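K.L.:
If you scroll down you'll find the structure; I have some questions about it.
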Amino acid sequence: MTDLSKAYLPAEVESELYADWVAAGLFHANPDDDGEPFSIVIPPPNVTGSLHVGHALDNTIQDAIIRRERMRGKNAVWIPGTDHAGIATQNVVEKQLAQEGTDRHAIGRDAFLARVWAFKEESGGTILRQLRQLGASCDWDREAFTFDETRSRAVREVFVSLYEQGLIYRGNRLINWCPRCQTALSDIEVEHEDITGELASFRYPFADDPTAGIVVATTRAETMLGDTAIAVNPADERYASMVGRRVRHPFIDREIPIIADDYVDPEFGSGAVKITPAHDPNDYEMGLRHDLPMIEIFDESAHVLASLDTPFTGLERFAARKAIIEQLTAQGLLVGVQPHDHAVGHCSRCRTVVEPRLSLQWFVAMRDLARRAADAVRQGDVVFVPEARQKPFLEWLDNLHDWCISRQIWWGHRIPAWYGPEGEVRVSREDITDPSWQQDDDVLDTWFSSQLWPFAAFGWEAPDKTTPEFETWYPTATLVTGYDINTFWVSRMLMIGLWFTGEVPFRTVHNHGLVRDEHGKKMSKSFGNVIDPLDLIDSYGADATRFALVRSAAPGTDVPLAEEWVEGAKRFANKVYNAVRFAMGNLDGHRPGALPERAERELCHRYILSRLAAAHTEVDRAYDAYDWPRAAQGLYHFIWNELADWYLEAVKPLFASDDPAVVLRARQVLSVVLDDTLRLLHPLMPFVTEMLWRSLTGSQGGSESLMVADWPTIRTSDRDVATETEFAVVQDFVTEMNRFRSQNSIAPAKRFPVTVTSTQADVFDRNGALMASLAGLSDIVIVDVLTDRAATSRVVFASGTAQVDLTGLIDLAAEKARIAKERDRVMQERERINGKLANESFVARAPAHVVEGERTRLGELNNTLSQLDEQYTQLDAVTT
């Protein structure tokens with residue numbers, strides 16, 4: 001791959017390069033390989049998933065980390081895999097069955113699980129195949145699955161061990177229940193959304209005086225069927241005389257006490273609240289404190305139980321709410337109903353409103369686990385990047401409740417508990433085959449198995465059944481994940497990893513943000529702003545997609561993305577491509593090697609080597625700090641502005657020199673600079689850099705791949721502030737001359753002389769030929785003082801002034817006419833925009849980004865007008 005075509009076409013090279021990397025085994029590592037161990041594990045995506053833009057960001061960052069560490073000589077491995085995703089996967093297959101007119105209960109557990117396994121085999125690898133398109137350099141030989149045999153043995157070992165230690169128990173407690181999924185949910189599987197509901201106020205009549213009573217306010221009138229108390233604040237004088245009295249339920253033969261509890265907010269509603277211990281977590285705690293009865297009122301699908309013997313039997317909970325309010329109205333007990341904004345929990349899988357419900361479930365006691373994890377963070381054993389994510393993480397651990405881990409579904413790790421004919425319970429590492437013993441039907445929460453991932457992914461099955469992979473690569477180095485699952489997943493991995501291995505599972509937690517659109521808005525199909533990373537890869541290539549993502553991915557902050565930014569990243573890839581293509585046309589087979597002696601290097605060589613050393617230092621620091629925008633922008637600026645715009649232009653005349661030594665030095669420096677640059681850029685843009693590096697170095701790929709080339713060493717001795725200062729004089733002069741040429745519409749090929757006076761005359765003396773070449777001048781004459789001459793114009797730059805003879809250079813009259821016409825056009829557009837911005841209705845009603853766009857355009861027009869006026873003034877001075 002040494003010949004470079006005119007244009008870079010990602011689609012023609014990316015799949016070929018990836019296949020070559022895989023065939024050469026460059027992603028694979030062994031425990032006994034040379035180098036310091038370094039590992040990361042992929043946050044395992046659900047087997048139901050396909051690549052979305054969040055995955056693309058997360059895996060681009062991981063790939064950049066692992067590629068750089070390989071190049072730094074580490075024994076680096078990146079473990080891929082997928083999560084069986086209990087509820088999510090079961091829901092997909094249940095929908096398929098529903099379309100066939102059946103359900104899981106009709107076909108039975110074994111047949112249903114066979115269907116899910118078939119779905120997993122057919123679709124479960126989709127997202128991992130798509131990661132290959134992104135360039136992910138995972139060790140595919142080590143792919144794991146949270147429900148394979150090895151991971152299943154680890155899950156059972158952990159469950160049984162925690163049970164034996166008294167940290168797993170079975171109890172009848174209030175849990176989150178999804179009536180749609182028909183299963184318990186953990187707190188972190190409940191997403192709270194602000195909605196506008198209703199606050200109903202009604203009167204409970206006193207048992208001893210039905211003509212009087214106490215008014216309560218509730219957002220869930222339907223749960224009054226399970227009320228077992230009315231509570232007031234003990235400091236609320238309005239109700240002091242009522243505490244201890246009883247009220248009568250209007251629909252059920254039940255008397256309810258009025259109690260006092262500090263939890264009650266006197267400012268909410270009437271200051272008196274109904275207590276339903278079996279259907280509200282706060283009421284549940286109050287019920288425990290006051291030994292209140294806990295009465296269930298709904299079945300598993302959230303319909304009113306017949307056992308309550310009420311007129312509402314069989315009604316769905318929200319229908320029951322409406323009916324109860326109607327009955328309260330009919331009995332003259334309803335005080336009123338008003339809109340009320342409040343947070344309501346929804347199932348994170350199906351969006352159904354969650355129902356708090358008493359249920360017999362399996363739990364993990366979290367206090368000791370959480371305390372050990374929090375201590376590890378506070379001691380610095382685990383570091384968060386950015387650091388700001390540590391505080392909410394610790395607050396979560398410090399206030400963690402016991403974790404409900406049983407799920408009433410069929411797809412997942414079945415709980416290893418068996419029940420005997422006399423009600424005995426046995427938890428066992430081995431299956432109990434006695435037919436009189438029945439295994440628990442429930443399965444474990446998906447997060448229970450995925451919490452083992454950092455050590456189970458390396459083959460760990462038990463403390464006494466480890467593997468060379470575990471012994472070599474655990475703990476992992478860095479966990480890369482969105483901040484949104486720190487509580488879901490990161491906390492659980494830290495707790496269980498410490499408990500079972502005695503070490504933290506990762507040294508660093510690098511939290512990136514969520515990918516949003518260019519305006520910072522959440523991507524959503526309903527908003528029409530979803531960006532598919534696979535479409536971006538098809539249109540612009542994987543490198544451009546990766547670069548656009550990381551360029552805005554500051555640690556912990558949300559990541560804006562627009563398609564035009566990916567298009568811009570593709571132009572950057574083209575810039576890199578063209579730089580190497582230019583080099584290949586001038587190197588004549590010369591390969592990167594030794595640099596010329598410092599004393600022999602021309603100014604442009606000293607300049608670019610100095611800037612490379614500075615950029616290398618900055619980029620290394622950024623990579624080490626997980627500051628991806630800083631790394632990307634540092635490379636972008638160096639390559640586009642310093643290497644391509646300045647050095648490549650400055651080196652062109654050297655390649656045309658008649659002196660072979662001059663040409664050789666140019667080849668030596670350019671080849672080394674490009675070699676180092678491609679190595680530095682490789683972690684972010686692996687495909688184009690690999691292709692170009694092979695052309696530059698003559699590598700045939702395989703074991704000679706850039707992937708496993710050495711990370712470059714910073715040549716600190718190349719830093720040269722004096723050279724950069726001298727070259728800045730050159731840059732300033734050339735920039736101002738080019739601006740003058742552009743303002744006066746002088747063709748790039750037109751050569752003309754200038755006369756210069758400068759406080760940096762010695763720089764002009766040493767570099768006159770270079771400056772003339774870069775500015776497209778025929779000659780530069782240095783004088784002490786400029787003399788006024790007719791038909792000339794002056795160009796001011798930082799260290800002096802240049803005088804240009806305009807005679808024969810431009811048609812002065814025609815150019816003045818052109819500028820005047822352009823000025824009129826700009827003035828008209830400016831007046832139009834000023835009119836829109838002066839219109840209060842437009843500013844108030846138009847989208848904010850539209851208004852801001854108009855203001856930006858107005859600023860651009862004002863700047864253009866100033867430039868036109870300056871040009872006209874210069875020409876007018878010459879012609880009058």
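K.L.:
Regarding segment 865-878, can at least one residue be identified that is among the aromatic types (F, W, Y), farther than 26 Å from E518 by Cα and open to solvent by 50 Å² or more (accessible area, probe 1.4 Å)?
P.N.:
Yes; the residues of segment 865-878 include at least one that is among the aromatic types (F, W, Y), farther than 26 Å from E518 by Cα and open to solvent by 50 Å² or more (accessible area, probe 1.4 Å).
K.L.:
Looking at P454, P475, which is the one that is surrounded by fewer than 24 Cβ atoms within 10 Å (Cβ to Cβ), at pLDDT 95 or above and within 28 Å of the chain's Cα centre (by Cα)?
P.N.:
P475
K.L.:
Just checking, does segment 816-834 include any residue being more than 26 Å from R741 (Cα to Cα), surrounded by 13 or more Cβ atoms within 10 Å (Cβ to Cβ) and among the aliphatic types (A, V, I, L, M)?
P.N.:
Scanning segment 816-834, I find at least one residue that is more than 26 Å from R741 (Cα to Cα), surrounded by 13 or more Cβ atoms within 10 Å (Cβ to Cβ) and among the aliphatic types (A, V, I, L, M), so the answer is yes.
K.L.:
If A802 satisfies all but one of (1) surrounded by fewer than 17 Cβ atoms within 10 Å (Cβ to Cβ); (2) in contact with a Lys or Arg (Cβ under 9 Å, 6 or more places away or on another chain), what's the number of the condition it fails?
P.N.:
(1)
K.L.:
Does segment 414-422 contain any residue that is of a type in the set (V, I, T) and under 20 Å from L369 (Cβ atoms)?
P.N.:
Among the residues of segment 414-422, at least one is of a type in the set (V, I, T) and under 20 Å from L369 (Cβ atoms), which makes the answer yes.
K.L.:
Right, something else. When only residues in segment 436-451 that are touching a residue at least 24 places away in the same chain (Cβ under 8 Å) and outside any loop (DSSP other than H, G, I, E, B) count, which is surrounded by the fewest Cβ atoms within 10 Å (Cβ to Cβ)?
P.N.:
Within segment 436-451, the match that is surrounded by the fewest Cβ atoms within 10 Å (Cβ to Cβ) is Q439.
K.L.:
Further, regarding this structure: Given the criterion open to solvent by less than 80 Å² (accessible area, probe 1.4 Å), touching an Asp or Glu at 6+ places or on another chain (Cβ under 9 Å) and outside any strand (DSSP E or B), identify the matching residue among V763, V795.
P.N.:
V763
K.L.:
Now a separate question. Part of a helix (DSSP H, G or I), within 22 Å of V559 (Cα to Cα), open to solvent by less than 10 Å² (accessible area, probe 1.4 Å) and touching a residue at least 24 places away in the same chain (Cβ under 8 Å): does that describe L609?
P.N.:
no
K.L.:
Out of the residues in segment 546-562 that are open to solvent by 10 Å² or more (accessible area, probe 1.4 Å) and out of contact with any helix residue (DSSP H, G or I) (no Cβ under 7 Å at 6 or more places or on another chain), which is farthest from T508 (Cα to Cα)?
P.N.:
Among those residues, the one meeting the criterion is P560.
K.L.:
Working carefully through the options L774, L809, find the one that is within 30 Å of Y647 (Cα to Cα), surrounded by 11 or more Cβ atoms within 10 Å (Cβ to Cβ), modelled with pLDDT of 85 or more and more than 44 Å from the chain's Cα centre (by Cα).
P.N.:
It is L809.
K.L.:
Out of the residues in segment 255-265 that are surrounded by 16 or more Cβ atoms within 10 Å (Cβ to Cβ) and not β-branched (V, I, T), which is farthest from the chain's Cα centre (by Cα)?
P.N.:
P257
K.L.:
Okay, next question. Can you pull out the residues in segment 482-527 that are within 30 Å of F547 (Cβ to Cβ), in a helix (DSSP H, G or I) and at pLDDT below 95?
P.N.:
Within segment 482-527, Y483, D484, I485, N486, F488, W489 qualify.
K.L.:
Which one of the conditions (1) in a loop (DSSP other than H, G, I, E, B); (2) touching a residue at least 12 places away in the same chain (Cβ under 8 Å) does T787 fail to meet, given that it meets all the rest?
P.N.:
Going through the list (1) in a loop (DSSP other than H, G, I, E, B); (2) touching a residue at least 12 places away in the same chain (Cβ under 8 Å), T787 breaks only (2).
K.L.:
From D658, D676, grab the single residue that is part of a helix (DSSP H, G or I), surrounded by fewer than 24 Cβ atoms within 10 Å (Cβ to Cβ) and either among the acidic types (D, E) or on the phi > 0 side of the Ramachandran plot (or both).
P.N.:
D676
K.L.:
Which members of segment 352-364 meet the condition of being surrounded by fewer than 17 Cβ atoms within 10 Å (Cβ to Cβ) and not in a strand (DSSP E or B)?
P.N.:
The answer is T352, and nothing else.
K.L.:
Can you confirm whether segment 120-133 contains a residue that is buried (at least 20 other Cβ atoms within 10 Å of the Cβ), in a helix (DSSP H, G or I) and touching a Lys or Arg at 6+ places or on another chain (Cβ under 9 Å)?
P.N.:
Looking through segment 120-133, none of the residues is buried (at least 20 other Cβ atoms within 10 Å of the Cβ), in a helix (DSSP H, G or I) and touching a Lys or Arg at 6+ places or on another chain (Cβ under 9 Å).
K.L.:
Return the residues of segment 680-700 that are over 16 Å from R581 (Cβ atoms) and surrounded by fewer than 20 Cβ atoms within 10 Å (Cβ to Cβ); say none if nothing qualifies.
P.N.:
Selection gives S699, Q700.
K.L.:
Could you list, in sequence order, the residues of segment 366-387 that are buried (at least 17 other Cβ atoms within 10 Å of the Cβ) and not in a helix (DSSP H, G or I)?
P.N.:
M366, V382, F384, V385, P386, listed by residue number.
K.L.:
Can you go through A212, A217 and tell me which one is within 47 Å of the chain's Cα centre (by Cα), in a strand (DSSP E or B) and not β-branched (V, I, T)?
P.N.:
On inspection, the qualifying residue turns out to be A217.
K.L.:
From the list L162, L199, which one is more than 33 Å from the chain's Cα centre (by Cα), part of a helix (DSSP H, G or I), farther than 30 Å from A24 by Cα and in contact (Cβ under 8 Å) with a residue 24 or more places away in the chain?
P.N.:
When all the criteria are applied, what remains is L162.
K.L.:
Go through segment 563-583 and give me each residue that's farther than 16 Å from K6 by Cβ and open to solvent by 50 Å² or more (accessible area, probe 1.4 Å).
P.N.:
Listed by number, the residues that qualify are E563, E564, W565, E567.
K.L.:
Looking at Q390 and the list (1) closer than 18 Å to I496 by Cα; (2) part of a helix (DSSP H, G or I); (3) open to solvent by less than 70 Å² (accessible area, probe 1.4 Å), which single condition is not satisfied?
P.N.:
(1)
K.L.:
Filter segment 742-772 down to residues that are over 27 Å from A791 (Cβ atoms) and of a type in the set (F, W, Y), then give me how many there are.
P.N.:
0
K.L.:
From the list R153, R220, which one is modelled with pLDDT of 90 or more, charged (D, E, K, R) and farther than 29 Å from W499 by Cβ?
P.N.:
That would be R220, the only listed residue that is modelled with pLDDT of 90 or more, charged (D, E, K, R) and farther than 29 Å from W499 by Cβ.
K.L.:
Further question: So which of N586, N529 ends up being surrounded by 17 or more Cβ atoms within 10 Å (Cβ to Cβ), of a type in the set (S, T, N, Q) and out of contact with any Ser or Thr (no Cβ under 9 Å at 6 or more places or on another chain)?
P.N.:
On the way: N529 fails: surrounded by 17 or more Cβ atoms within 10 Å (Cβ to Cβ).
Answer to the selection: N586.
K.L.:
Something else about it: Counting only residues that are closer than 30 Å to V92 by Cβ and surrounded by fewer than 17 Cβ atoms within 10 Å (Cβ to Cβ), how many does segment 409-435 have?
P.N.:
Of the residues in segment 409-435, 1 are closer than 30 Å to V92 by Cβ and surrounded by fewer than 17 Cβ atoms within 10 Å (Cβ to Cβ).
K.L.:
Taking F318 as the residue in question, decide whether it is open to solvent by less than 50 Å² (accessible area, probe 1.4 Å) and either out of contact with any Cys (no Cβ under 8 Å at 6 or more places or on another chain) or farther than 26 Å from D209 by Cα (or both).
P.N.:
Answer is no for this residue.
K.L.:
For S773, indicate whether it is over 22 Å from Q874 (Cα atoms) and either assigned to a strand (DSSP E or B) or touching a Gly at 6+ places or on another chain (Cβ under 9 Å) (or both).
P.N.:
Judged against the criteria, S773 is not a match.
K.L.:
Which one of these does L595 not meet: (1) in a loop (DSSP other than H, G, I, E, B); (2) closer than 30 Å to I61 by Cα?
P.N.:
Result: L595 fails condition (2) only.
The values are calculated or read from the model by the stated rules, or taken from the named source; none is laboratory data. Just so you know, these numbers come straight off a predicted model, no measurement behind them. Note that we place each Cβ from the backbone using ideal geometry, even for glycine, and neighbour counts take in every protein chain shown. Only protein heavy atoms, including side chains, enter the accessible area calculation; ligands, DNA and RNA are left aside. Shrake-Rupley method; radii C 1.70, N 1.55, O 1.52, S 1.80 Å.
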